[in-house]
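J.: Starting off with a structure, shown below.
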Amino acid sequence: MTFEQIYQRPKKRSILINGHSTSISLEDNFWYAFCEKAAIDNISINRLITEIDLHRDDKCSLAGAIRLYVLRSKNSQKS
């Protein structure tokens, strides 16, 4: 893997949170892993984002909360 493949710039993603349009900035690796997890769990991306938004700590950005969700999901698959 090249440096560019590992360290990506975040891209803006248009999303809905509880029916409201907004955007988040997230790297492709996290976005694709997040979408994959939503598909495996048979839940829409926007519904999963809404759930994460409702349960995240106010001190954590939504993009950060999504990254943590992806990492936790990947770590639980290894166990």
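The values are calculated or read from the model by the stated rules, or taken from the named source; none is laboratory data. Model, not experiment: these values are computed from the prediction. Cβ: placed from backbone, ideal geometry, glycine included. Neighbour counts: every protein chain shown.
J.: Does the range 54-79 hold any residues that are among the basic types (Lys, Arg) and either surrounded by 13 or more Cβ atoms within 10 Å (Cβ to Cβ) or not in a helix (DSSP H, G or I) (or both), and which are they?
T.: Hits for the range 54-79 are Arg56, Lys59, Arg67.
J.: Still on this structure: Give the range 9-53 a look and list any residue that's over 15 Å from Ser73 (Cα atoms) and part of a loop (DSSP other than H, G, I, E, B), or say none.
T.: Arg9, Pro10, Asn18, Gly19, Glu27, Ser44
J.: A further question follows. Exactly one condition in (1) more than 13 Å from Ala63 (Cβ to Cβ); (2) hydrophobic (A, V, I, L, M, F, W, C); (3) within 12 Å of the chain's Cα centre (by Cα) is not met by Ile6; state its number.
T.: The one condition Ile6 does not meet is (3).
J.: Out of the residues in the range 59-79 that are farther than 21 Å from Asn46 by Cβ and among the charged types (D, E, K, R), which is modelled with the highest pLDDT?
T.: It comes out as Lys59.
J.: Another question, then. Might you let me know whether the range 1-19 holds any residue that is under 12 Å from Tyr69 (Cα atoms), out of contact with any strand residue (DSSP E or B) (no Cβ under 7 Å at 6 or more places or on another chain) and of a type outside the set (Ser, Thr, Tyr)?
T.: no
J.: What are the residues in the range 47-74 that are in contact with a strand residue (DSSP E or B) (Cβ under 7 Å, 6 or more places away or on another chain) and over 17 Å from Lys11 (Cβ atoms), if any?
T.: Selection gives Thr50, Asp53.
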